[in-house]
Number of protein chains: 2
Amino acid sequence: MTTRRTGLREQKKQATRQALRAAALRLALERGPDNVRVDDIAEAAGVSPRTYNNYFSSREQAIVAAVTGEREARVAAAVADRPGGVGLADAVIEAIVDQYTAPGEPGQDALLLITTRPALRDAFIDTTAAIEHPLTDAIAERLGDGAGAGDGDGDGERDPHTARVLAASVAAAVRVALEHWLRTTAASVTAGGLVVPSGSLPDLLRATLAPLAPALDAAEQRALRRRRR
Amino acid sequence: MTTRRTGLREQKKQATRQALRAAALRLALERGPDNVRVDDIAEAAGVSPRTYNNYFSSREQAIVAAVTGEREARVAAAVADRPGGVGLADAVIEAIVDQYTAPGEPGQDALLLITTRPALRDAFIDTTAAIEHPLTDAIAERLGDGAGAGDGDGDGERDPHTARVLAASVAAAVRVALEHWLRTTAASVTAGGLVVPSGSLPDLLRATLAPLAPALDAAEQRALRRRRR
DNA sequence: CAAGAATTGTGCGTGTGCGCAAATTTGCGT
DNA sequence: ACGCAAATTTGCGCACACGCACAATTCTTG
């Protein structure tokens, strides 16, 4: 009811997407990421090279997607699941910290690979942009834009901008945090010789998102006041 | 003392960059943007195609750069020039409105061309990312991070994150505003048949940036309080 | 003023992104 | 069960982004 449009189509689609991600990561780990052609990935996944490009627009995207998974959807769900009692800022910040802290499946070697190669780091950072639209919907929901089931792109809401701006700002802040994290960890890797998994990524995320808390809470107060009217 | 590093080198560099921008826009206007190969642009600017790619990584970037110019530097300068009396939020918002309202040189036909073609619209939207770093420096300056002349990437400041996050958020908000503006104007163009230059872009920018004002002012208050200590 | 260092323009080759149109698969109505 | 419409895959082809090695020009230092 939520995401299935026809059932079998979407299922097969996700299957091939999954196969491509897995193949890309596996090959990138076996040989270096520079010794992997897109033809190899396509062949390993059992599809045509052209089909591969229908799913991912770059080789790095596929590799990174194997690690990030469906983080964007999980973030949105996490925001929606927080009880209404906590403030919007806390809800958003903690939801993000949760989703970016839970290592889930990513093997440490995959993360090392990503932090090492610049192209992969960039692709990993670009991933944060994907959380913007789901997060927009989640925030709009919490702000109580009562105007129906528009999926975020319609112009029917009371204030179309606030949710979008806040979501975009949060995504940008997360990107800033990841950039900083990748820079420092990369530096420490170069210096120490052994990988330092993190300088406490949760704390860094909280510190980076903190400046946005006033904006989030102010928007929530505005929404409450307007709704009460 | 500000931007010149060696003098003649930078001068020639800006000259070729300018030549490439101008050639790209001129050719894109004469023929359609789809009938312009990068070889043509390079030839019109008198450089090799390879050199062209040293300056712009896509054909659309070059065309759009002819219109946007050095907007990023002007935004930063505008923020820095506001008197210290006005709040940070007002300073940033009005500076941005000024720079995005002043049409400057862009001919209306060039703007029409950009709003029409999707690829050019995307490139135009991506331009907003460029204001992030200059804006970071300007905001950091206003927040009075007293720790020396670091150009924004050093870690020597008191709070390295706030300025970066705020600048990134502002850039993201501007991007949201431009996306909305381009969508609606494109729709009205399709509907009306004649181009509608804007539905008051300044007001749209102000409305889109408004949700960030609490964050900007809160950061300023924090900085003041910390500095007084 | 001369030699060295650094930066920029250039040619070449490779891998890749993507538009287009035909072929195949899937969903749905009857 | 069958056929029509929509969506997806695939092959083809072209233009392009980018790494690498090298030549030319400019800045620096003795």
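Every number in this text was worked out from the coordinates using simple rules, so none of it is lab data. Computed from a prediction, not measured in an experiment: that's the story for all the values here. Heads up, the Cβs are rebuilt from the backbone with ideal geometry, glycines too, and the neighbour counts pull from every protein chain shown.
Observations, loosely collected:
- Neighbour-count order for B:VAL174, A:VAL67, fewest beta carbons within 10 angstrom listed first: A:VAL67, B:VAL174
- Calculated on the alpha-carbon coordinates, the convex hull of the range B:12-56 measures out at 57 cubic angstrom per residue.
- Model label points for B:LEU224 and A:LEU224, set 7 angstrom from Cα along the Cα-to-Cβ axis, are 2.5 nm apart.
- Spin-label pair B:ALA129/B:ARG26, simplified geometry with 7 Å Cα→Cβ offset, distance in nm: 3.0 nm
- Environment charge of A:ARG121, counting only residues whose C-beta is closer than 13 Å and scoring Lys/Arg +1, Asp/Glu -1: -1
- Whole-Hz Karplus values for the range B:17-30 come out as 4, 4, 4, 5, 4, 4, 4, 4, 5, 4, 5, 5, 7, 4 Hz, taken residue by residue from phi with 6.51 cos²θ - 1.76 cosθ + 1.60 and θ = phi - 60°; glycine and proline positions read x.
- A:ALA15 label point (Cα plus 7 Å toward Cβ) to equivalent points in the other copies: 6.3 nm, shortest first.
- Debye intensity ratio in log₁₀ form over the Cα atoms of the range A:1-136, taken at each q of 0.15, 0.16 Å⁻¹: -0.81, -0.89
- Summary for B:GLN221: label point 7 Å along Cα→Cβ; distances to the equivalent points in the other copies, ascending, 0.8 nm.
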